[in-house]
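A short write-up of the structure that comes next.
The values are calculated or read from the model by the stated rules, or taken from the named source; none is laboratory data. It should be emphasised that the depicted structure is a prediction, and the values quoted were computed from it without experimental measurement. Methodologically, a virtual Cβ is constructed for each residue, glycine included, from the backbone with ideal geometry; neighbour enumeration extends over all protein chains shown.
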Amino acid sequence: MTDIQAMRNYAKRKLGATDLQKSTRKNKRFMVEYQGRLIHFGSATGSTFGDHGDEKKRKAWRARHSKIKLKDGRLAHQVKGTPSYFAWHLLW
């Protein structure tokens, strides 16, 4: 899903974001507005599943990132409003 308009529509419909655009932060690829906050996510220098479509890389990325926990013990990719959540659902 590399088309930013398609990603924007998906983020609004399915993920609860009010906007998605290119990030203004150095080294980040995108930002979403979620509950009045700007959340920057995705590496500006790396490639994602949407770029290359490689299932093996996707599986490896998801295996690594499925272990990341927040301070309260919740898995980061399952908590709406975290950069991991939006990277998981939009980029990988």
Output the residue which, of all residues in region 36-56 that are surrounded by 10 or more Cβ atoms within 10 Å (Cβ to Cβ) and among the charged types (D, E, K, R), is nearest to Ala6 (Cα to Cα). Asp51
Among Arg29, Arg25, which is assigned to a strand (DSSP E or B) and either modelled with pLDDT of 90 or more or within 14 Å of Ala87 (Cβ to Cβ) (or both)? Arg29
Looking only at region 62-86, which residues are out of contact with any Ser or Thr (no Cβ under 9 Å at 6 or more places or on another chain) and among the small types (Gly, Ala, Ser)? Ala63, Ser66, Gly73, Gly81, Ser84
May I ask you to list pairs of residues, at least six apart or on different chains, whose Cβ atoms are under 8 Å apart, with the first in region 29-53 being closer than 15 Å to Thr18 by Cβ and free of Cβ contacts under 8 Å to residues at least 24 places away in the same chain and the second being polar (S, T, N, Q) and part of a loop (DSSP other than H, G, I, E, B)? Met31/Ser23; Met31/Thr24; Glu33/Thr18
Here is a check on your reading of the model: is Gln5 under 15 Å from Leu91 (Cα atoms), at pLDDT 95 or above, of a type in the set (S, T, N, Q) and out of contact with any Asp or Glu (no Cβ under 9 Å at 6 or more places or on another chain)? no
Residues in region 8-28 that are more than 20 Å from Val79 (Cβ to Cβ) and in contact (Cβ under 8 Å) with a residue 60 or more places away in the chain: how many? 0
